[in-house]
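Data block below; observations after.
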Amino acid sequence: RIVQLNLPEGKKVAKGTLLVKLFDGDLQAQLSKLKVQWKNAQATVERQKEFLKINGISQQDYDQSVTQVASLEADIAAIKAQISKTEICAPFSGTIGLRSVSQGAFVTPGTKLAVIRTEDKLKLDFNVPEVQAPAIGNSARVYFRLPGDTLKYPATVIATEKSIDDASLNLKVRASVTAKSKNLIPGTAVNVIVALEARKGTMMIPTQAVIPQARFKSVIVSRNGKAEMVKVKTG
């Protein structure tokens, strides 16, 4: 059950800020009980230490008391670890989106509380055909455009999947966006511009001009004022 809620919608929060506190009254009670037991056990060890100096007790009895103190300390550490799980802090500095819960709500480990995003470290994911995969490497420079925008934004490739997807035959690439703009919203679909090595002896033609045949493709070429069918290889 949520007993404290600090999810300011649309506001920025710093890393480590307490966002949600869950009920931990039962755990706090167990912790208090263990601390009392540890205090008594520690006092017993101190007394037995003096008795051991004058052979008033056996070494075995003293060792058992020391073990009891260590066991209680381990139990206290375990309870504190459980209590820490009732405190949900911001994993990084960012902006809180829309809140999905309210004060007093009961939640489970799978409950969505809110989304926190950072615009300072945006990444760009895109795919390139397998034939162009060798041309994409780390530190390669790419550009992208937002829908309806002519401005080009730069990005730098930081890693690739290193394997071709079996279904799409594409290579997945991830780049770090170096540009800063309020128009760059996480999750936006963009058009990526990748500079590839030019192939000599090739020609760009409209796809509508390519006529697919049963075993090959062809285009109609004008030669000496006459139309002529010519086989072509696309790529």
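The values are calculated or read from the model by the stated rules, or taken from the named source; none is laboratory data. Bear in mind the structure is a predicted one, so any value in this text is a computation, not a measurement. So basically every Cβ, Gly included, is an ideal-geometry build from the backbone, and we count neighbours across all protein chains shown. All accessible areas refer to the heavy atoms of the entire protein, side chains included, with ligands and DNA or RNA removed. Shrake-Rupley method; radii C 1.70, N 1.55, O 1.52, S 1.80 Å.
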Could you pull out every one of the aspartates and glutamates with an alpha carbon less than 16 Å from that of residue 35, ignoring same-chain neighbours closer than 8 positions? 26, 73, 75
Among 111, 225, 45, the residue whose Cα sits farthest towards the positive end of the charge dipole of the chain, when +1 is placed on the Cβ of each Lys and Arg and -1 on the Cβ of each Asp and Glu, is 225
Two decimals is fine: what is log10 I(q)/I(0) at q = 0.12, 0.17, 0.21, 0.24 Å⁻¹ for the stretch 59-164, from a Debye sum with one equal scatterer on every Cα and no solvent? -0.78, -1.00, -1.16, -1.30
Out of 201, 16, 187, a Gaussian network model of the chain with alpha-carbon springs under 10 Å gives the largest mean-square fluctuation to 201
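Keeping all protein chains in place, calculate the accessible area per residue for the chain (probe 1.4 angstrom), answer in Å². Write out the running numbers ahead of the final one.
Details: 16750 Å² over 235 residues.
Computed with neighbouring chains in place, this is 71 Å² per residue.
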Residue 99 long-range amide H proximity, modeled H, under 5 Å: none
Under 25 Å between C-alpha atoms, the lysine pairs in the stretch 96-196 lying 8 or more places apart or on different chains count 17
³J(HN,Hα) across the stretch 84-97 via Karplus (A = 6.51, B = -1.76, C = 1.60, θ = phi - 60°), whole Hz, x for Gly/Pro? 5, 6, 8, 10, 9, 10, 5, x, 7, 6, x, 10, 6, x
Mind checking the angle between helix 25-53 and the chain's longest principal axis? C-alpha axes, 0 to 90 degrees, to the nearest 10. 50
If we count every other residue with Cβ under 14 angstrom of residue 210's Cβ, Lys/Arg +1 and Asp/Glu -1, where does the sum land? +3
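Using +1 on the beta carbon of Lys and Arg, -1 on that of Asp and Glu, and nothing else charged, what's the dipole of the chain about the Cα centre, debye to 20? Let's see the in-between values first.
Values: 34 positive and 20 negative charges, 271 e Å.
The dipole magnitude comes to about 1300 debye.
If you take every residue apart from residue 146 with its C-beta less than 13 Å away from the C-beta of residue 146, what net charge results, scoring Lys and Arg +1 and Asp and Glu -1?
Values: positive: 145, 152, 182; negative: 149.
Around residue 146, the charge tally is +2.
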Residues meeting the amide H criterion for residue 218 (H placed from the backbone, H to H distance under 5 Å, 5 or more places apart or on another chain) are 211, 213, 232
Give the long-range amide H neighbours of residue 158: residues separated by 5 or more places, or on another chain, with amide H under 5 Å away, using H modelled in the peptide plane at 1.01 Å from N. 139, 174, 175, 176
Net charge near residue 173, counting Lys/Arg +1 and Asp/Glu -1 over other residues with Cβ under 13 Å of its Cβ? +1
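Could you work out the longest stretch of the chain that avoids the GluC sites (Glu not before Pro) located in DSSP loops with at most 16 other Cβ atoms within 10 Å?
10-118
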